[in-house]
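Peer 1: There's a structure below that I have some questions on.
The values are calculated or read from the model by the stated rules, or taken from the named source; none is laboratory data. Note that the coordinates shown come from a computational prediction; the quantities given were computed from them, not determined experimentally. Heads up, the Cβs are rebuilt from the backbone with ideal geometry, glycines too, and the neighbour counts pull from every protein chain shown. For the accessible areas, the whole protein counts, side chains as well, though only heavy atoms, and no ligand, DNA or RNA atoms are used. Shrake-Rupley method; radii C 1.70, N 1.55, O 1.52, S 1.80 Å.
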2 protein chains.
Amino acid sequence: MRRMVLVLVAVGALAGVVADMAPASAQADGEAAPIFGVKMPPGYRDWRLISVAHEEGNLNDLRAILGNDVAIKAYREGQLPYPEGTIIARLAWDYVPSEENNKVFGRRQSFVAGPPKNGVQFMVKDSRKYVATGGWGFAQFNDGKPADEAVHRTCFSCHEPAKARDFVFTRYAP
Amino acid sequence: MRRMVLVLVAVGALAGVVADMAPASAQADGEAAPIFGVKMPPGYRDWRLISVAHEEGNLNDLRAILGNDVAIKAYREGQLPYPEGTIIARLAWDYVPSEENNKVFGRRQSFVAGPPKNGVQFMVKDSRKYVATGGWGFAQFNDGKPADEAVHRTCFSCHEPAKARDFVFTRYAP
């Protein structure tokens, strides 16, 4: 009996160590994205708003950029580079004209968010883990499933022009 | 001295009663909006995201609709009418083409949030206080100051076409 208790204590301690070592990006359930191994962070839809945007062309979406608490604090304090544990989420929805709103305004001018579109993307700051990509891990999930490796190969090269702002394009909308 | 203590106790009790009676909309500091008496709710910029939109024409903005905890819960559960204490906030920013993003995409397609624009608007649910306007109090603040009475006279009539959804146009973006 005494041995069993000792084993349980040891397992408990080990579990604690493992939990401490797990990066923020790996605490979620679900499949990890290729290359960077980022999983969907739990509760990201509850995160606070950084800004909004509209992409025309093939993307044709309305998007919201949300941040976890570390991200929001860094944005508001103008902290650069972003601290370890920063996660920035990019949500997007179909760009849909609102006939209902247009009637009220008396002209065709209103566009609202339709169904989710173009996946959900994340940037996760972990300077040691992602040395080769500016300290950021990238991930895109389509309907909750990681996009393929080819998609993930494009992330960092697209973000490189924003190097002066730690590879983050989006500015905070007050 | 004893009379002074009694007076202080009485004032304290009265203050407590007044505080209890104050609706959610009146707990903030700052000037109240005309007609409805709504003040800017503290911390609204930290509220969770309901959806995003783009208005062309004279408004020419990108907007985010945020909700307090009561609002978010009601939205996610599809609760209609919205419960007492619901507050919905509409923030908006100038609709600005992003040359920086366009360079990355290789075409002119990216629009981001510029400086705040068209004020911040609120809908506050208080069925008893706002009987004449569907149970909602409305407010618009420009640079933190309430817009004038004429502006506030237009709020409810614009929202009336959305009566079937308790006068709220914006749908939840998942």
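Peer 1: Could you tell me which residue of region B:155-174 is nearest to B:Ile65 (Cα to Cα), considering only residues that are among the hydroxyl-bearing types (Ser, Thr, Tyr) and touching a strand residue (DSSP E or B) at 6+ places or on another chain (Cβ under 9 Å)?
Peer 2: In this case the residue turns out to be B:Thr170.
Peer 1: What are the residue pairs meeting all of these: first residue in region A:154-165, first residue at the interface with chain B (Cβ under 9 Å from one of its Cβ atoms), second residue part of a helix (DSSP H, G or I) and of a type in the set (Val, Ile, Thr), Cβ atoms under 7 Å, and 6 or more apart or on different chains?
Peer 2: Filtered contacts from region A:154-165: A:Cys158/B:Val104; A:Pro161/B:Val104.
Peer 1: Can A:Ile87 be described as open to solvent by less than 10 Å² (accessible area, probe 1.4 Å), among the hydrophobic types (A, V, I, L, M, F, W, C) and free of Cβ contacts under 8 Å to residues at least 60 places away in the same chain?
Peer 2: Values: open to solvent by less than 10 Å² (accessible area, probe 1.4 Å): yes; among the hydrophobic types (A, V, I, L, M, F, W, C): yes; free of Cβ contacts under 8 Å to residues at least 60 places away in the same chain: no.
Against the criterion (open to solvent by less than 10 Å² (accessible area, probe 1.4 Å), among the hydrophobic types (A, V, I, L, M, F, W, C) and free of Cβ contacts under 8 Å to residues at least 60 places away in the same chain), A:Ile87 does not qualify.
Peer 1: Just wondering, is there one or more residues in region A:101-108 that are of a type in the set (Gly, Ala, Ser), closer than 30 Å to B:Leu59 by Cβ and buried (at least 16 other Cβ atoms within 10 Å of the Cβ)?
Peer 2: No, because not a single residue in region A:101-108 is of a type in the set (Gly, Ala, Ser), closer than 30 Å to B:Leu59 by Cβ and buried (at least 16 other Cβ atoms within 10 Å of the Cβ).
Peer 1: Then there's this: Return the residue satisfying two criteria in turn: it lies in region B:53-78 and is polar (S, T, N, Q) and open to solvent by 30 Å² or more (accessible area, probe 1.4 Å), and of such residues it is modelled with the highest pLDDT.
Peer 2: B:Asn60
Peer 1: Can you pull out every residue in region B:125-140 that is assigned to a strand (DSSP E or B) and either over 18 Å from B:Glu55 (Cβ atoms) or charged (D, E, K, R) (or both)? Spell out the reasoning first.
Peer 2: Going through region B:125-140, the residues assigned to a strand (DSSP E or B) turn out to be B:125, B:136-140.
Of everything in region B:125-140, those that are assigned to a strand (DSSP E or B) and either over 18 Å from B:Glu55 (Cβ atoms) or charged (D, E, K, R) (or both) turn out to be B:Lys125, B:Trp136, B:Gly137, B:Ala139.
Peer 1: I've got another one for you. Considering region A:152-169 alone, what residues qualify as being open to solvent by less than 50 Å² (accessible area, probe 1.4 Å) and within 16 Å of the chain's Cα centre (by Cα)?
Peer 2: A:His152, A:Cys155, A:Phe156, A:His159, A:Asp166, A:Phe167, A:Val168, A:Phe169
Peer 1: Could you identify the single residue in A:Ala113, A:Ala139, A:Ala147 that is more than 8 Å from chain B (Cβ to nearest Cβ), closer than 28 Å to B:Ile65 by Cα and touching a residue at least 40 places away in the same chain (Cβ under 8 Å)?
Peer 2: Matching residue, one of A:Ala113, A:Ala139, A:Ala147: A:Ala139.
Peer 1: Under the condition of being open to solvent by 30 Å² or more (accessible area, probe 1.4 Å), assigned to a loop (DSSP other than H, G, I, E, B) and not charged (D, E, K, R), which residue from region B:38-52 is nearest to the other protein chains (Cβ to nearest Cβ)?
Peer 2: Residue satisfying both the conditions and the ranking: B:Trp47.
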